[in-house]
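Engineer: Mind looking over this structure? Questions follow.
Each value in this text was obtained by applying a stated rule to the coordinates, not by laboratory testing. What you see is a predicted model; the values in this text were computed from it and never measured. Don't worry about glycine lacking a Cβ; one is built from the backbone with ideal geometry, like all the others, and counts go over all protein chains shown.
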Amino acid sequence: MAEITSLSTLSKTSVAATDFLLVANSSTKAAKKLQLQTLFPAVSTAGTSSETIYTSATLTNKNQIVFKGLKSADAKVTVTTASNNLVITLVEAQIDLNACDNSSAGFLKTINNSNWSGTDLAVANGGTGLSAITKGSVLYANDTDTIAATAAMSTNGQLLIGNATNGFPSVATLTAGANMTVTNGAGTITLAASLASLASNLDTGSFNIDLNTNYISDDGSDRGIYVHTNGKTILNDSGSTLTTGEATGQLNIQGSTTTAITIGNSAAYQANYDITTTTSASGTVGAKLQIFAGTAGGGNMAGGTLGLFAGAATGSGNGGNVQIQAGDSASGTPGSVLLRTFTAGGVGTTGLTVDSSQDVTVEVGNLFVSAKPIYARASSTAAFIQYQGAEATTDDGTTAVSAANILTGIVKCTPTADRSKATDTASNLISGLSLTADNDSFDFSLISLATDGTSDITLTGGTGVTLVGNMKVKSQDDADDAGYAGVGRFRIRRTGSSAVTMYRIA
């Protein structure tokens, strides 16, 4: 095996494709050969039709790259090195426009007599065509390729104002029209409206005011009187411009104060109507006057409350009355006062009616008096008139006395022997007699039509019914020593959701 010291030297320039390096794999212990030429760099130019930055014989000694130098062709450009960067700088002072092509740019290389009109450069060549311009004048286009100067603007407030007659602007000041004052200062123009004159002109009724979606306000803020773009009027004590959806009526009052409308108490107006609709023409139905509280905006929010409140007396006088009066009629029937509510199904239903005879009718529902008695003080008529339908009949047997029987108020029976009869269940009695709260009660009579003096009726309690008192109704007996009328009076009292107590009261 040859030693390295005995091998001949191979220069880089003499490396051939047949020269290799021995490479050993540390894992597999396999030996391989690596072509020596592949370790030397190669260069190429990536751009198309571009100049290379290296010499054609750029690689010398196999691994040395030779780059081309960079220099300026003339003094217009300089090339320097700064922080290992090549810096190329354009020297503007070295540019000569005479050496440039102006066939497209159109800039002047020279100025000769053909470019002048008298002593001034023509407009077409970039001049004004004027030999002098007075101080305070303004240039304007007088005609094609002609520039002129206005008169000197030497007076305060002068402006350039278009003049269709001349075709070019004139120097003039603003003229104050009706209700307007113009004050000209040095570089200022002040326009002031004359409100006194404005008011006198508006009084003629010949002028409209365009608020341009703004308010008539006491301090210029967004409050006061606002006329919406849909023509509806809004009164608002604060806030911003309202949307169409918020302005639903012809007059809309919105704000943060408690009282929206206040009506005064001048003696001259006490006999008049405070709020009314106009009288309709002949043959036309009278105009409605309706007041609606606001509908809630969804969710669990409640609808707006509508309240009628009479005035309080702060001294010894009486408080004000709340009057609801239906309309009169010259030859027809006067109107009635109707109190209406919605049912659970969403149907508006009249609950109470006060008609033209002043009769009060509870149309549907019940009449509840929670804390006070009912007084009947009629002196010339019956105190109470109540409905009594046909009485009920229970059989000559053991059939229970039903809630429907008891509801008629009178139950009759003709027993041929002693009979024991149960009442209906407490739940059926509560439902059938409409005993909706504890301590609600109902009275009824049980009449025995038997006349033998021996056929008695004994009531027993159904499920949930507690009995108090003698539950036996004796048959009729007219004997002087008997005294049985054949009738019993009973009262049923609710004591729970499924429990009642029945008392013998007569």
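Engineer: Starting with the fewest neighbours, write out CYS100, CYS413 ranked by other beta-carbon atoms found within 10 Å of each beta-carbon.
Structural biologist: By the 10 Å Cβ count, ascending, the order reads CYS100, CYS413.
Engineer: Can you sort TYR503, TYR54 by how many other beta carbons sit within 10 Å, fewest first?
Structural biologist: Fewest-to-most ranking of TYR503, TYR54: TYR54, TYR503.
Engineer: Please state the relative contact order of the stretch 392-504 as a whole percent: Cα pairs under 8 Å, 6+ residues apart?
Structural biologist: Here the relative contact order equals 26 percent.
Engineer: Okay, moving on. State, to one decimal in nm, how far the label point of THR276 lies from the label point of ILE253, with both points 7 Å from Cα in the Cβ direction.
Structural biologist: Using points 7 Å along Cα→Cβ, the separation is 1.9 nm.
Engineer: By counting other Cβ atoms within 10 Å of each Cβ, how are ASP74, ASP418, ASP396 ranked from fewest to most? Provide the component values of the computation, followed by the final result.
Structural biologist: On the way: ASP74 7, ASP418 13, ASP396 16.
The most exposed by this proxy come first: ASP74, ASP418, ASP396.
Engineer: Something else now. Longer than 28 Å from Cα to Cα, which of LYS33/LYS68; LYS12/LYS32; LYS372/LYS412 are they? Say none if no pair is.
Structural biologist: LYS33/LYS68; LYS372/LYS412
Engineer: Taking the dipole about the Cα centre of the stretch 392-504, with the C-beta of Lys and Arg at +1 and of Asp and Glu at -1, give me whichever of ALA417, LEU459, LEU449 is farthest to the positive side.
Structural biologist: Selected residue: LEU459.
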